[in-house]
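Participant: Following this message is one structure expressed as structure tokens.
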Amino acid sequence: MRKQKTRSPATYYDAYFLSHCSEVKAITWLSQRTLEIWNNRPVTPDDSHLLEYILLRRNSARIDLALAKHGRSQTILTRLYYRSKTSIKVVACGNVSLFFGETHKNNQFRSGLAAGMDLLREILFRGPLSELRSLCENNHLPHDIYSFFIDSLGPKVVMTPIYGEDYVNEDHYLYILNFLSKNKYVIDSKKNIPRQYFRWQFGPDFGNCPDGFFNKVWELVETAPTTFKWARVLLKLIDDIYIPHKGIIDVNKCLSRWQPPGEEYLQDGEIINHKIVYESIRYTIASAFITPSVEMLNQKDRALRFAFYLSFDPMDKNFRNLNWQDLFDLDEDYVLYFMWRNMNIWKSKIGREKMRLLIRHATAFEKGDRFWSWRKSYFDKIETLESLHPDWFEDENGKSLSQRMLLGDVAI
């Protein structure tokens, strides 16, 4: 007797509902589906293929758009991708289930892996920029796929057979890096990737460990061409991202190689812009890898001083007696700019008070727009941080900023 496959009553209900409901209700049904990740891959819910096939057969542009964004069946998403026009293709490229699908918790069966990788490679190497951007900004891709993106430059790269032996040229590769810099996974990596990751068990190149990708990103700082277009893209990519360990790069070598080129090679309008970009990538590297010390403030290389302002902790015993007004007299508005970005300062009452006094010192002789702009920015910053990090303000005796202002406890 042939074994028959049975479905749950809920599936019959959903199938009938999706066959006859309005477009709006079908779109709402799709949007309420949640993405579940297991073993670094998206899980395909039971009966996704059947239910999404019903929606695909309705041939509605609005439902197709929602299906491209929220669909969970790789088979259906692939059919949708190949039959659709640009907008829906771009949206589908932001859906991880288009490339990795038919994964179930009960087993590790991944029937769609090869087909998904073929499509991913096609978009990565030869697809239009709109689809490439959507793919690179997809923040649910497996860690090893992000590493694959980094490895995609030049014929020298060695890839496993399933990934093929394709590669991209330099300009196309810079597009990939630029788009990756906008990926939420990369942007939020420093706060979201746990420090106690399993690198001790698997090693930094294990596919499910994020260290492999971020190692490769930082290694680009040490190996990439030091042209202006590379500097500009890498600066966006490495800004405040996760650092697997401090020994990834030779910091002194990197600081030396990213010195700005001689001004004789530049047009008049390019000199300032080039200086800013090269100096920015240098202080970003220094702030990420060099432990802050008072000696950095005595360096002629102001990129090291800027790195100190970006990363020092005012609660550290070595810096508690530091005179911030003297620092302002040394580097002027740069001190305000970089300290403003240093979250260590805003975490403590002492740091916030010193920042308030620094703003007063910096604007002591300016009672115009600049003074009021800094004053408003300071209070806006405090209010924002109070809502995001209430634990930073536990030493304020439970009073909100507005209450402290009424009592005269806070003023610029």
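Every number here is computed from the coordinates shown, using simple stated rules; none is lab data. Everything numeric in this text was worked out from a predicted model, so none of it was measured. Virtual Cβ from ideal backbone geometry, glycine too; neighbours counted across all protein chains shown.
Participant: Hey, could you get me the Stokes-Einstein D for segment 1-97, Kirkwood radius over alpha-carbon pairs, 4 °C and 1.567 mPa s, rounded to whole µm² s⁻¹? It would help to have the intermediate numbers written out before the result.
Facilitator: Details: Rh = 14.0 Å.
Calculated translational D: 93 µm²/s.
Participant: How far apart, in nanometres, would the label points at Thr34 and Tyr334 be if each is projected 7 angstrom from Cα along the Cα-to-Cβ direction?
Facilitator: Distance between label points: 4.9 nm.
Participant: Take Cys136, Cys21 and order them by how many other Cβ atoms sit within 10 Å, fewest up front.
Facilitator: Working: Cys136 25, Cys21 16.
Lowest count first: Cys21, Cys136.
Participant: Next question, about the same structure. Pop the C-beta distance of Glu170 and Phe17 into the FRET formula with R0 = 45 Å and round what comes out to the nearest 0.05. Could you put the intermediate results ahead of the total?
Facilitator: Values: r = 51 Å, r/R0 = 1.14.
It comes to 0.30.
Participant: Label points 7 Å out from Cα along the Cβ direction at Met315 and Leu388: separation in nm?
Facilitator: Computed distance between label sites Met315 and Leu388 equals 1.7 nm.
Participant: Compute the distance in nm between two label points, each set 7 Å from the Cα along the Cα-to-Cβ direction, one at Val24 and one at Thr291.
Facilitator: 6.2 nm
Participant: Using mean Cβ contacts within 10 Å as the protection proxy, how do 353-359, 73-79, 124-130 order, highest first? Before the final figure, lay out the partial values.
Facilitator: On the way: 353-359: 17.6, 73-79: 22.1, 124-130: 15.0.
Per-residue mean Cβ counts within 10 Å order the peptides as 73-79, 353-359, 124-130.
Participant: What do you get for Rg/Rh over segment 273-400 if you use C-alpha atoms and the Kirkwood form of Rh?
Facilitator: Numbers: Rg = 15.2 Å, Rh = 15.6 Å.
My calculation of the ratio gives 0.97.
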